[in-house]
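J.: Handing you this structure, nothing more for now.
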There are 2 protein chains.
Amino acid sequence: MVELYDTTLRDGSQGEGVAFSVEDKLLIIEALDRLGIHYIEGGYPGSNPKDVEFFKQAKVLKLQHAEVVPFGSTRYRSNIPSEDTNLLALLDTGARTVTIFGKSWKLHATDVLRVTPEDNLDIIESSVGFLTENGRQVIYDAEHFFDGFQDDSDYALQTLKAAARAGAKCLVLCDTNGGRLPLEIQEIVRAVMAEIDLPIGIHTHNDAGMAVANTILGVQAGASHVQGTFNSYGERCGNANLSSIIPNLKLKLGIDCVSDNQLKQLADVSRLISELANLPHDERQPYVGKSAFAHKGGMHIDAVKKNRLTFEHIDPEFVGNQQRILVSDQAGRSAIVKKIEKAYPNYDRNSPEIRALFNRMKEAENAGYQYEAAEASFELLTHKVFNSYQSFFDLLGFRVIIEKFKDHSMRSEATIKVKDPDGKVEHTAADGDGPVEALDIALRKALERFYPALQKVHLTDYKVRVLDTKAGTGAKVRVLIEASDGIEHWGTVGVSENIIQASWEALTDSLEYKLYKDRTKDCPDT
Amino acid sequence: MVELYDTTLRDGSQGEGVAFSVEDKLLIIEALDRLGIHYIEGGYPGSNPKDVEFFKQAKVLKLQHAEVVPFGSTRYRSNIPSEDTNLLALLDTGARTVTIFGKSWKLHATDVLRVTPEDNLDIIESSVGFLTENGRQVIYDAEHFFDGFQDDSDYALQTLKAAARAGAKCLVLCDTNGGRLPLEIQEIVRAVMAEIDLPIGIHTHNDAGMAVANTILGVQAGASHVQGTFNSYGERCGNANLSSIIPNLKLKLGIDCVSDNQLKQLADVSRLISELANLPHDERQPYVGKSAFAHKGGMHIDAVKKNRLTFEHIDPEFVGNQQRILVSDQAGRSAIVKKIEKAYPNYDRNSPEIRALFNRMKEAENAGYQYEAAEASFELLTHKVFNSYQSFFDLLGFRVIIEKFKDHSMRSEATIKVKDPDGKVEHTAADGDGPVEALDIALRKALERFYPALQKVHLTDYKVRVLDTKAGTGAKVRVLIEASDGIEHWGTVGVSENIIQASWEALTDSLEYKLYKDRTKDCPDT
């Protein structure tokens, strides 16, 4: 068995351009839990005050598999562990398991911490000991272990032994600089396993392009705990990519770290994390990228049609991905049948509605829509295609004016005119901090008269992505909105060259979804 | 010694979205030649008529190191090699060295070629033989070799021996489906080396995230010829990345495949190929990405300043890259000193200017600004704090109107009034596909009169992020803009509750940065 330890939210967020809000983090934790991850490193409460707040909120989550773990350092703010605010912050999270890192490389003890090698051993032992005495399970990250071992193997082993003596439950060997090669990892993990009788973990970085291979060779040499991030987020070239490691462990080495059904969620979870990070999903990523099972060359397409083994190393459905033939698509329609079977159970891939929905989706995707993080928009599209949708209002027009004055003050005003299904017209106006807010308020003013339930809906996230970067400010943009009524969350999407129009689409979808949801709940037969 | 064989132009162009013109190809060949690559696979003349033309033009190039090689298949258009148009197309290029691929996996002989295993051996031997008899050096690519070897090692070896008998000069073992693990590669390369007395090559794909590691283990097991692509372009998840493999061979294994000076061009060549492929450069790529030696965490920055070995596995200058200190709220005053030392060399962390800049930055970061991807805004802020900045124009006001009509058509109009340093006022108006474009155009209309150099600036990326998700559409947003004048790229940032204002800030910074840059270039003393 191998324990999976995700650090997307901590080490991953050290990556350039990677940042998660507290809301994002909670959604990611729920997704990682569904996937079967055992430990989720949520943040560094001793170094980041925002993470203190996060750990409070994370306690409320009901998780099936995962434990949320705080990360910190061995003591450095005080010589007395019980006075070190960084260690105290770990205790304060209330987490049962905590992770701390310490120095394995003499160079770091002397040049960075500026303590003697002996003092460093004491720092490790007393810090781990303080946490275990306070009833915590401690995962000990041996920073720069491989570099340290090559410099002075004896000293590096002593640092591990100090953590072991103090009661650490797992010792994680880190290739912090990411420069080591697979055979070095194999040799050193074996050497450690021969000396130390505790579970050994492996944590690697990708600076030589070897992070995934180094992790796999670490496991083949005996490591039973694996740390990584999704989509390889992380400082510099990133951490070892869990979305490659998990299927490699399960499908190549036969290690049952997640169930077959959990593995099928891999591609979706990876894409969700990209969306929440507001970064383009790397479509060439092994296993989870859109290109990973895409066939372009004529000979290859011919061959995979004869026998898919000829150019596919695994069945893409094992990881929730799909084969793509870059000319025509067959797999697409069956995926749709599967996707909507709850709402519309009795349709097969050849029924006209499925074909129509597939074509509408293809068109929309070509235009830049993306439904992975906008399932509410996809649901509305489905109902429209299946003719079970009835509009809630007609737009007669809107106008938004944004002004900036000489004194740098600003004003944003929206006016809007809508007609409800009974033909009644509302004409409203509102100011907002920005144009989208002004529009949002004016629209609600108009609709809440007819539909008071909308008062409960608030928008929880708003993202914009430029689709054709070369067009600059004239480019098409995609807006993703997340909304909530306090019970459910849902995502919607809009696309346009005009950011106000794209926002308007996502905004109206998010309100209409709420209304549709409520209507079908109240009268399940309509 | 290891021979480097680049197939960016052939196998790389099988990647989704990758395409090169003949002109692009010639430029890439010259760059690869300067870098010291030994063989450059230029195309597949038997399958692509454009490649026939390319090989004609490639002959004119004066290359120092590299040989341009055509790629083709063993015979399949005729049972007689001398009548197979695919083989004849190879001869027609006039190249001294040619590469052909054949089948090593029984499954492919029977299911794809639909010939007997014995016939397949004859196809290989007669095809290689035809080329060697015509005076060509033949590199033989054994497609699916590792999968074939695992299925039937004896048969796979027979295919190699057939090519060897016919006079091939090098046998390349291919992991065509990219699903093999490093230790399998090691074992199989060793087994082949024990049986066959010819130089062995290695060609891997990245479907399990292992391409670079598999190549390196192949070399450690005895392979002396390495095939790959730049930036890992290639079908599905891509080929083995030569921009990782070359420095791994040279700096980690001490194999002198290129000279020290050639290696220094690595980052530039990799970026040039991205530019010519018209694809965003992967900045997290090992060795050659902009993030590869970027430091963000405060502790890490502190440590690399004390000793760069602490968080860098190699000196970035070896591969023509450089260290970057990312300015973020985790970095302290010493990071700022280091960051600005080129422009303002004689300041230490306690000087009043550094303190003032640090405080301004802290305030800005608390307000939501982020300078990691907006170094131009940071530079402008620095010059403002150091009083070396003089504004280029005054805004007297702007107004943006976005209207949506009953027929769903839209209009976005901006008007703007600015005053230049001489007191001249411009008042302009423009339509745009969206409000930001309208504003951008109106602003340029006004400024280009005074500053014609702005015509060269175009915006290459535009990102928006909501900072306080709970506030919904009323939340603060951060806009990041990337701009280019065709030579340099720079990023700027703006923050506001109003997306138009945030865009305005980033937009004006990006134009002002260009003007500032040009002014300091023209008159270095001001």
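The values are calculated or read from the model by the stated rules, or taken from the named source; none is laboratory data. Given the structure is predicted, the values throughout are model-derived calculations rather than measurements. Counting neighbours? That spans all protein chains shown, and the Cβs are built from the backbone with ideal geometry, glycine included. What goes into the accessible areas is simple: the full protein's heavy atoms, side chains included, and nothing from ligands, DNA or RNA. Shrake-Rupley method; radii C 1.70, N 1.55, O 1.52, S 1.80 Å.
J.: Out of A:Gly46, A:Gly12, report the one residue that is within 26 Å of A:Tyr76 (Cβ to Cβ), within 12 Å of the chain's Cα centre (by Cα) and open to solvent by less than 30 Å² (accessible area, probe 1.4 Å). Break it down stepwise before answering.
T.: On the way: A:Gly46 fails: within 12 Å of the chain's Cα centre (by Cα).
Going through A:Gly46, A:Gly12 in turn, the sole match is A:Gly12.
J.: What residue, of B:Ala429, B:Ala471, is among the hydrophobic types (A, V, I, L, M, F, W, C), at pLDDT below 90 and open to solvent by 40 Å² or more (accessible area, probe 1.4 Å)?
T.: It is B:Ala471.
J.: Looking only at the stretch A:360-377, how many residues end up being out of contact with any helix residue (DSSP H, G or I) (no Cβ under 8 Å at 6 or more places or on another chain) and either open to solvent by 80 Å² or more (accessible area, probe 1.4 Å) or charged (D, E, K, R) (or both)?
T.: Within the stretch A:360-377, residues that are out of contact with any helix residue (DSSP H, G or I) (no Cβ under 8 Å at 6 or more places or on another chain) and either open to solvent by 80 Å² or more (accessible area, probe 1.4 Å) or charged (D, E, K, R) (or both) number 4.
J.: Quick check on this structure: which one of A:Gly218, A:Gly179, A:Gly209 is part of a loop (DSSP other than H, G, I, E, B) and over 24 Å from the mean Cα position of the chain (by Cα)? Outline the logic, then answer.
T.: Details: A:Gly218 fails: part of a loop (DSSP other than H, G, I, E, B); A:Gly209 fails: over 24 Å from the mean Cα position of the chain (by Cα).
Criteria check complete, one pass: A:Gly179.
J.: Looking at (1) crowded, with 16+ Cβ neighbours inside 10 Å; (2) farther than 21 Å from A:Gln227 by Cβ, which one does A:Ile139 not meet, given that it meets all the others?
T.: (2)
J.: Can you name the residue in the stretch A:236-247 that is facing chain B (nearest Cβ under 7 Å) and closer than 20 Å to A:Ile40 by Cα and is also surrounded by the fewest Cβ atoms within 10 Å (Cβ to Cβ) among such residues?
T.: Applying the first criterion (facing chain B (nearest Cβ under 7 Å)) to the stretch A:236-247 yields A:236-238, A:241, A:244.
Imposing the further condition that a residue be closer than 20 Å to A:Ile40 by Cα reduces the set to A:238, A:241, A:244.
Details: A:Gly238: 29, A:Asn241: 27, A:Ser244: 29.
Out of the qualifying residues, it is A:Asn241.
J.: Further, regarding this structure: For residues that are open to solvent by 20 Å² or more (accessible area, probe 1.4 Å) and in contact with a Ser or Thr (Cβ under 8 Å, 6 or more places away or on another chain), tally how many sit in the stretch B:82-100. Break it down into steps so the answer makes sense when it comes.
T.: First pass over the stretch B:82-100, keeping only residues open to solvent by 20 Å² or more (accessible area, probe 1.4 Å): B:82-83, B:85, B:88, B:91-92, B:94, B:96.
Imposing the further condition that a residue be in contact with a Ser or Thr (Cβ under 8 Å, 6 or more places away or on another chain) reduces the set to B:85, B:88.
The qualifying residues number 2.
J.: Here's another thing I want to ask about it. Report, ordered by the first and then the second residue, all pairs with beta carbons closer than 6 Å, sequence separation of six or more or different chains, a first member in the stretch A:490-509 that is farther than 16 Å from B:Val436 by Cα, and a second member that is among the hydroxyl-bearing types (Ser, Thr, Tyr).
T.: Close Cβ pairs satisfying both conditions: A:Trp490/A:Tyr513; A:Thr492/A:Ser377; A:Thr492/A:Ser510; A:Val493/A:Tyr369; A:Val493/A:Ser377; A:Ala506/A:Thr492; A:Asp509/A:Ser377; A:Asp509/A:Thr492.
J.: While we're on this one: Would you pick out the residues in the stretch A:402-426 that are open to solvent by less than 40 Å² (accessible area, probe 1.4 Å) and under 23 Å from A:Asn498 (Cα atoms)?
T.: Once the filter is applied, which keeps residues that are open to solvent by less than 40 Å² (accessible area, probe 1.4 Å) and under 23 Å from A:Asn498 (Cα atoms), the stretch A:402-426 yields A:Ile402, A:Glu403, A:Lys404, A:Ser412, A:Ala414, A:Thr415, A:Ile416, A:Val418.
J.: Among the numbered criteria (1) under 15 Å from A:Ser47 (Cα atoms); (2) without any contact (Cβ under 8 Å) to a residue 40 or more places away in the chain; (3) open to solvent by 60 Å² or more (accessible area, probe 1.4 Å), which single criterion is violated by A:Ser78?
T.: (3)
J.: Failed condition for A:Arg114, given (1) at pLDDT 95 or above; (2) at positive phi, with all others met?
T.: (1)
J.: Given the condition under 26 Å from the mean Cα position of the chain (by Cα) and closer than 18 Å to A:Phe71 by Cβ, answer yes or no: does some residue in the stretch A:100-120 qualify? Lay out the reasoning, then the answer.
T.: Residues of the stretch A:100-120 under 26 Å from the mean Cα position of the chain (by Cα): A:100-101.
So of that shortlist, the ones also closer than 18 Å to A:Phe71 by Cβ come out as A:100-101.
Within the stretch A:100-120, one or more residues are under 26 Å from the mean Cα position of the chain (by Cα) and closer than 18 Å to A:Phe71 by Cβ.
J.: Still on this structure, please answer the following. Return yes when B:Phe55 is under 24 Å from B:Gly228 (Cβ atoms), more than 14 Å from every other protein chain (Cβ to nearest Cβ) and among the aromatic types (Phe, Trp, Tyr) and no when it is not. Write out each step before concluding.
T.: Values: under 24 Å from B:Gly228 (Cβ atoms): yes; more than 14 Å from every other protein chain (Cβ to nearest Cβ): yes; among the aromatic types (Phe, Trp, Tyr): yes.
Yes; evaluated as a whole, the condition is true for this residue.
J.: Let me ask something else about it. Give me the pairs: first residue in the stretch A:456-468 and farther than 18 Å from A:Tyr513 by Cα, second residue hydrophobic (A, V, I, L, M, F, W, C), beta-carbon distance under 6 Å, and six or more apart or on different chains, which are they?
T.: What qualifies is A:Lys463/A:Leu480; A:Val464/A:Val477; A:Val464/A:Val479; A:Val464/B:Val464; A:Val466/A:Ala475; A:Val466/A:Val477; A:Asp468/A:Ala475.
J.: Then there is this: Just need a number here: residues in the stretch B:76-103 that are in contact with a Leu (Cβ under 7 Å, 6 or more places away or on another chain) and of a type in the set (Lys, Arg).
T.: 1
J.: So, in the stretch A:1-45, exactly how many residues are part of a loop (DSSP other than H, G, I, E, B) and either within 14 Å of another protein chain (Cβ to nearest Cβ) or at pLDDT below 95 (or both)? Talk me through it step by step, then tell me what you get.
T.: Keep residues of the stretch A:1-45 that are part of a loop (DSSP other than H, G, I, E, B), which gives A:1-2, A:7-11, A:15-21, A:36-38, A:44-45.
Remaining after also requiring either within 14 Å of another protein chain (Cβ to nearest Cβ) or at pLDDT below 95 (or both): A:1, A:7, A:10-11, A:15-21, A:44-45.
The number of residues fulfilling the criteria is 13.
J.: Which residue pairs have Cβ atoms under 7 Å apart, sit 6 or more places apart or on different chains, and have a first residue in the stretch B:300-318 that is facing chain A (nearest Cβ under 7 Å) and a second that is among the β-branched types (Val, Ile, Thr) and surrounded by 19 or more Cβ atoms within 10 Å (Cβ to Cβ)?
T.: Pairs found: B:Ala303/A:Val112; B:Ala303/B:Thr310; B:Lys306/A:Val112; B:Thr310/A:Val112; B:Thr310/B:Val304; B:Phe311/B:Val304; B:Glu312/B:Val304.
J.: Continuing with the same structure: So in the stretch A:248-262, with the set limited to residues that are buried (at least 16 other Cβ atoms within 10 Å of the Cβ), among the aliphatic types (A, V, I, L, M) and closer than 20 Å to B:Pro182 by Cα, which one is nearest to the chain's Cα centre (by Cα)?
T.: In the first step, residues of the stretch A:248-262 are kept if they are buried (at least 16 other Cβ atoms within 10 Å of the Cβ); the result is A:248-252, A:255, A:257-258, A:262.
Those still in the list that are among the aliphatic types (A, V, I, L, M) too: A:249, A:251, A:255, A:258.
Imposing the further condition that a residue be closer than 20 Å to B:Pro182 by Cα reduces the set to A:249, A:251, A:255.
Numbers: A:Leu249: 20, A:Leu251: 22, A:Ile255: 24 Å.
Selected residue: A:Leu249.
J.: Which condition from (1) under 16 Å from B:Thr93 (Cα atoms); (2) part of a strand (DSSP E or B) is the one that B:Val52 breaks?
T.: For B:Val52, the exception is condition (2).
J.: Look at B:Ile202 and say whether it is crowded, with 24+ Cβ neighbours inside 10 Å, touching a helix residue (DSSP H, G or I) at 6+ places or on another chain (Cβ under 7 Å) and within 20 Å of B:Val128 (Cα to Cα). Before you say what the answer is, go through the steps one by one.
T.: On the way: crowded, with 24+ Cβ neighbours inside 10 Å: yes; touching a helix residue (DSSP H, G or I) at 6+ places or on another chain (Cβ under 7 Å): yes; within 20 Å of B:Val128 (Cα to Cα): yes.
Considered against the rule, which asks whether it is crowded, with 24+ Cβ neighbours inside 10 Å, touching a helix residue (DSSP H, G or I) at 6+ places or on another chain (Cβ under 7 Å) and within 20 Å of B:Val128 (Cα to Cα), B:Ile202 comes out as yes.
J.: Please verify whether A:Leu279 is farther than 16 Å from A:Phe230 by Cα, within 12 Å of another protein chain (Cβ to nearest Cβ) and open to solvent by 20 Å² or more (accessible area, probe 1.4 Å), treating the condition exactly as stated. Explain how you work it out, then say what you get.
T.: Details: farther than 16 Å from A:Phe230 by Cα: no; within 12 Å of another protein chain (Cβ to nearest Cβ): yes; open to solvent by 20 Å² or more (accessible area, probe 1.4 Å): yes.
Considered against the rule, which asks whether it is farther than 16 Å from A:Phe230 by Cα, within 12 Å of another protein chain (Cβ to nearest Cβ) and open to solvent by 20 Å² or more (accessible area, probe 1.4 Å), A:Leu279 comes out as no.
J.: Is it the case that the stretch B:261-273 has a residue that's touching a residue at least 12 places away in the same chain (Cβ under 8 Å) and within 10 Å of chain A (Cβ to nearest Cβ)?
T.: Going through the stretch B:261-273, the residues touching a residue at least 12 places away in the same chain (Cβ under 8 Å) turn out to be B:262-273.
Retained after the next criterion (residues that are within 10 Å of chain A (Cβ to nearest Cβ)): none.
No; the residues of the stretch B:261-273 include none that is touching a residue at least 12 places away in the same chain (Cβ under 8 Å) and within 10 Å of chain A (Cβ to nearest Cβ).
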